[in-house]
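Read through the structure below, which is laid out as structure tokens, and then see the notes.
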Amino acid sequence: MTTDDSISTASRPTAPSPHPAEGTANNDTRTAAISFTGVGKRFGAKTVLDGLDFHVRRGEVFALLGSNGAGKTTCINILTTLVRPDTGSVRVMDVDVRESPAEAKRRFAVTGQSAAVDSHLTTEENLVLLGRLSGLSRRAAKARSRELAEKLSLTAFMSARVAALSGGMRRRLDLALSLVVPVEVLILDEPTTGLDTRSRQELWNEVGELSRGGATVFLTTQYLDEADALADRIGLLDSGRMAGLGTPAELKARIGEDTVSIRGSDGTQLDEIPTDGTVDGLASAIEPWVGRPSRASVSLHSPSLDDVFLAFTSADKPR
Ligand SMILES: Nc1ncnc2c1ncn2[C@@H]1O[C@H](COP(=O)(O)OP(=O)(O)OP(=O)(O)O)[C@@H](O)[C@H]1O
């Protein structure tokens, strides 16, 4: 028997039913790390965010997933006070980002948007400079730089000029820079875009460690495997609304159960039988096929996050 992680178009559920957006789960904004409440944003005639409601719990890793143009960066820009929403409100650790932007900014760090990066300086010089600009003494800034370099495997690159760093090292430096001053909420906008598999894995490990240390992590990504590997909960953004929200397991369970596929020797699908994932369930699903002369093969399919994404978002919706 083979285990098939992919799913054929024929057997993929067309849409989750019902299609609940759990944006109101944990709707007490005082206990949320981040809350979007009724957030709307238009650019010209285009509605990018359409009354968006969701909450990120304190201490969790939350991944916002969406297709190109779904509005992920717009969410980050509103959250980080770069863009004003037309309607609704966004709070970070119970601070309204519009009413008190300076106070909100002290609660979060954003990777990749550190204005202080100077590619002519070395890794260490950049880290120390940011520490000094953030009010640390020279000695404290140096100590913090070394501590972060060790944590993010940057020690061997401390004397390298940033311009000479690889993409993976540059991402790590971005992450280190955002951690110079400890914050409660870490915002990562597509943190591993363009990185190779090993660098992505290493960055995921770092994010996991930060999360275990108590930080709330809010990240956007187009990579389903990234969300699956990292996130406690995932929000699926589609046409400016939260089309689905839950743990990876909840979202997968919502679009359907495991199925057993029976195929003939020429690959034709002969039967597809829902199963509950237990050994007994599998045995009873394949029982009618045992001893048949067709030399049928059997494979088990569990819904993947790709299936979830396809079921909750639609390619033909306007973006
Ligand atoms: N300043 C702007 N002016 C006009 N349109 C904009 C502006 N910023 C974003 N948009 C539009 O809003 C939509 C959402 O963009 P956004 O960058 O938030 O999406 P995204 O989910 O981050 O996409 P991607 O994954 O491609 O980065 C897009 O259609 C984009 O063209």
Neighbours by Cβ (under 7 Å, 6+ apart or cross-chain): first from segment 282-294, assigned by TED's automatic domain parsing to the domain that holds GLY267; second open to solvent by 50 Å² or more (accessible area, probe 1.4 Å) and modelled with pLDDT under 85: SER294/SER265
Scope segment 28-45; condition surrounded by fewer than 19 Cβ atoms within 10 Å (Cβ to Cβ), in a strand (DSSP E or B) and more than 16 Å from the ligand (Cβ to nearest atom); matching residues: GLY38
Residues (near the ligand (Cβ under 8 Å from one of its atoms), outside any strand (DSSP E or B) and under 12 Å from the mean Cα position of the chain (by Cα)) located in segment 46-74: LYS72
Residue in segment 209-228 that is free of Cβ contacts under 8 Å to residues at least 60 places away in the same chain, within 16 Å of the ligand (Cβ to nearest atom), of a type in the set (Val, Ile, Thr) and under 30 Å from THR47 (Cβ atoms) present: no
Tally of residues being within 15 Å of the ligand (Cβ to nearest atom) and within 21 Å of SER211 (Cα to Cα) across segment 76-98: 3
Number of positions in segment 183-194 that are assigned to a loop (DSSP other than H, G, I, E, B) and more than 16 Å from the ligand (Cβ to nearest atom): 2
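The values are calculated or read from the model by the stated rules, or taken from the named source; none is laboratory data. Keep in mind that what you see is a predicted model, and the values were worked out from it rather than measured. For neighbour counting, all protein chains shown are included, and Cβ atoms are generated from backbone atoms with ideal geometry for every residue, glycine included. Side chains are part of the model used for accessible areas, which takes the heavy atoms of the whole protein and leaves out ligands, DNA and RNA. Shrake-Rupley method; radii C 1.70, N 1.55, O 1.52, S 1.80 Å.
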